[in-house]
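K.L.:
Pasting a structure below so you can have a look.
The values are calculated or read from the model by the stated rules, or taken from the named source; none is laboratory data. Predicted model, so just to flag it, every value in this text is computed and none were measured. A quick note on method: Cβ atoms are made from the backbone with ideal geometry, for glycine too, and the neighbour counts reach across all protein chains shown. Ligands, DNA and RNA are excluded from the accessible area calculation, which covers all protein heavy atoms including side chains. Shrake-Rupley method; radii C 1.70, N 1.55, O 1.52, S 1.80 Å.
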Amino acid sequence: MVAIGLGLLAVSGLYNVAATRPHFRPVDHLIKFALRRSISLHSLGVLLPDLTDPALAQLGREHFATGCAPCHSQPGHARHPIARGMLPSPPRLEGAASRWETRELFWIVRHGLKFTGMPAWTGRDRDDEVWAVVAYLQRMPHDDDTVPAREKRTPALGFGIDEPSPLARCAACHGDGRRRPVHASVPVLHGQKEGYLARALSEYHDGRRQSGIMEPLAAVLSAEDIGRIARHFAEAGRPAAAATTADERVARGRRIFREGVPRQELPACRACHAPETSGQFPLLDGLSGHYVEAQLGLFRSGVRSGTTHGRIMSVIAERLSPEQIADIAAFLDSGGERAPVPAEARREGE
């Protein structure tokens with residue numbers, strides 16, 4: 001009988017679906033109950049990574065400011081009038097970690113929620129970006145209620161387009177030449193090849209390369225914007241590498257980087273990724289090992305195989321063992337080709 005009654009109500013059109021009219025209280029309770037039960041059930045298989053790195057939360061803060069704050073606002077910011085007019089209104093997320101389990105937060109950010117206006121994460125296979133947001137939500141400071149509402153900033157309801165320049169948005173995560181990127185998973189752009197930077201932005205713009213952050217930011221860029229940004233970073237000097245102590249992994253990584261592994265049909269990394277090679281191939285020297293290791297993982301899994309260059313790298317990445325990838329990462333973290341070659345390595349002909 002209940003189902004028949006609901007069906008008749010739907011057919012009649014009497015139920016007011018306007019955002020200016022809240023749901024009936026029983027309907028509201030039912031929706032919220034079903035939402036919590038669904039999220040709890042479907043997030044059961046989520047495996048939790050280590051989220052204790054403060055730099056990861058800082059990266060998540062930048063992701064949040066770009067993709068989440070326009071609707072949810074953030075500490076010290078007033079709610080945007082358009083967001084207040086939505087039904088349901090996007091909740092403020094201070095204290096979200098106390099209302100939801102970590103796996104549930106990940107599931108919500110990753111998949112979005114039907115009938116709420118909450119979208120799924122744009123980079124559908126970029127769980128690493130989602131976890132950065134979750135790390136920030138776990139540390140998000142509470143809104144300061146002592147700040148008068150009239151003194152709180154109201155953010156623009158957009159996705160990075162309120163910045164005075166796209167370059168300001170780039171620097172927030174990628175650094176500005178005086179400081180390195182906010183997290184090791186973010187690449188250094190300063191001094192990178194112009195052709196590669198333009199290609200990467202174009203791939204994000206067209207949706208051929210996944211990222212829940214870079215795709216929305218690049219989507220609003222014109223071809224002229226892309227060229228100007230690529231030229232700006234290519235002409236800038238690279239920040240000093242944060243070199244680590246050399247060890248056996250570094251020596252092995254140096255050999256792969258410079259000589260390849262012929263028995264595995266692996267070319268030397270620098271055969272393509274060197275200053276004198278094509279501008280379409282990025283420089284690896286100066287990038288963090290963490291970033292390169294993560295990208296090789298994306299190539300291996302097929303996430304970055306949607307372009308011609310990506311398919312080439314996917315084949316190469318599949319031939320690398322996890323240990324070899326870790327060795328290459330260690331070599332890059334040691335300072336790469338800019339680091340002095342140890343005497344024993346020179347004696348070995350390296």
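K.L.:
Every residue in the range 6-54 that is part of a loop (DSSP other than H, G, I, E, B) and of a type in the set (S, T, N, Q), please.
P.N.:
Within the range 6-54, N16, T20, S43, T52 qualify.
K.L.:
Let me ask something else about it. Any residue in the range 48-60 that is open to solvent by 80 Å² or more (accessible area, probe 1.4 Å) and more than 21 Å from the chain's Cα centre (by Cα)?
P.N.:
Within the range 48-60, not a single residue is open to solvent by 80 Å² or more (accessible area, probe 1.4 Å) and more than 21 Å from the chain's Cα centre (by Cα).
K.L.:
Given the conditions (1) open to solvent by less than 90 Å² (accessible area, probe 1.4 Å); (2) free of Cβ contacts under 8 Å to residues at least 40 places away in the same chain; (3) within 22 Å of the chain's Cα centre (by Cα), which single one is not true for E94?
P.N.:
So the condition that E94 fails would be (2).
K.L.:
Mind telling me which of the residues A168, A156, A200 ends up being modelled with pLDDT under 95 and in a helix (DSSP H, G or I)?
P.N.:
None of the other options fit; the residue is A168.
K.L.:
Still on this structure, please answer the following. Which one of these does S98 not meet: (1) modelled with pLDDT of 90 or more; (2) more than 26 Å from H29 (Cα to Cα)?
P.N.:
(2)
K.L.:
A further question follows. May I ask you to verify whether P239 is closer than 26 Å to G177 by Cβ, in contact with a His (Cβ under 7 Å, 6 or more places away or on another chain), at pLDDT below 95 and not small (G, A, S)?
P.N.:
It is true that P239 is closer than 26 Å to G177 by Cβ, in contact with a His (Cβ under 7 Å, 6 or more places away or on another chain), at pLDDT below 95 and not small (G, A, S).
K.L.:
Please work out which one of (1) touching an Asp or Glu at 6+ places or on another chain (Cβ under 6 Å); (2) assigned to a loop (DSSP other than H, G, I, E, B) is the condition H190 fails and give its number.
P.N.:
(1) is the only condition that H190 fails.
K.L.:
In the list R263, R304, R270, which residue meets the criterion of being within 21 Å of A200 (Cβ to Cβ) and either open to solvent by 50 Å² or more (accessible area, probe 1.4 Å) or touching a Phe, Trp or Tyr at 6+ places or on another chain (Cβ under 7 Å) (or both)?
P.N.:
Every option except R270 fails the conditions.
K.L.:
Now for a different question. Could you grab the pairs with beta carbons closer than 7 Å, sequence gap of 6+ or different chains, first residue in the range 104-133 and in a loop (DSSP other than H, G, I, E, B), second one polar (S, T, N, Q)?
P.N.:
G123/Q210; G123/S211; R124/Q210; D125/Q210; R126/Q210; R126/S211
K.L.:
Hey, which of the helices (runs of 4 or more DSSP H) in the range 203-268, taking only ones fully inside, have at least 2 residues that are among the basic types (K, R)?
P.N.:
Output list reads 223-235, 248-259.
K.L.:
For the subset of the range 274-284 comprising residues that are free of Cβ contacts under 8 Å to residues at least 60 places away in the same chain and open to solvent by less than 30 Å² (accessible area, probe 1.4 Å), which member is farthest from the chain's Cα centre (by Cα)?
P.N.:
The residue in question is A274.
K.L.:
Scan the range 186-210 for residues that are surrounded by 20 or more Cβ atoms within 10 Å (Cβ to Cβ), farther than 15 Å from A234 by Cβ and not aromatic (F, W, Y) and jot them down.
P.N.:
V186, E203, H205, R209, Q210 - these are the residues of the range 186-210 that are surrounded by 20 or more Cβ atoms within 10 Å (Cβ to Cβ), farther than 15 Å from A234 by Cβ and not aromatic (F, W, Y).
K.L.:
Additional query: Among the residues of the range 297-305, is there at least one that is in a helix (DSSP H, G or I), of a type in the set (A, V, I, L, M, F, W, C) and within 17 Å of Q192 (Cβ to Cβ)?
P.N.:
no
K.L.:
Continuing with the same structure: Starting from residues that are among the polar types (S, T, N, Q) and under 26 Å from I82 (Cα atoms), keep the ones in the range 1-43 and report whichever is modelled with the lowest pLDDT.
P.N.:
Among those residues, the one meeting the criterion is N16.
K.L.:
Any chance the range 272-293 includes a residue that's touching a helix residue (DSSP H, G or I) at 6+ places or on another chain (Cβ under 6 Å) and farther than 21 Å from A234 by Cα?
P.N.:
yes
K.L.:
Among all residue pairs at least 6 apart or on different chains, which show Cβ distances below 8 Å where the first residue, located in the range 285-313, is farther than 22 Å from V188 by Cα and without any contact (Cβ under 8 Å) to a residue 12 or more places away in the chain and the second is open to solvent by 30 Å² or more (accessible area, probe 1.4 Å) and part of a loop (DSSP other than H, G, I, E, B)?
P.N.:
R311/S305
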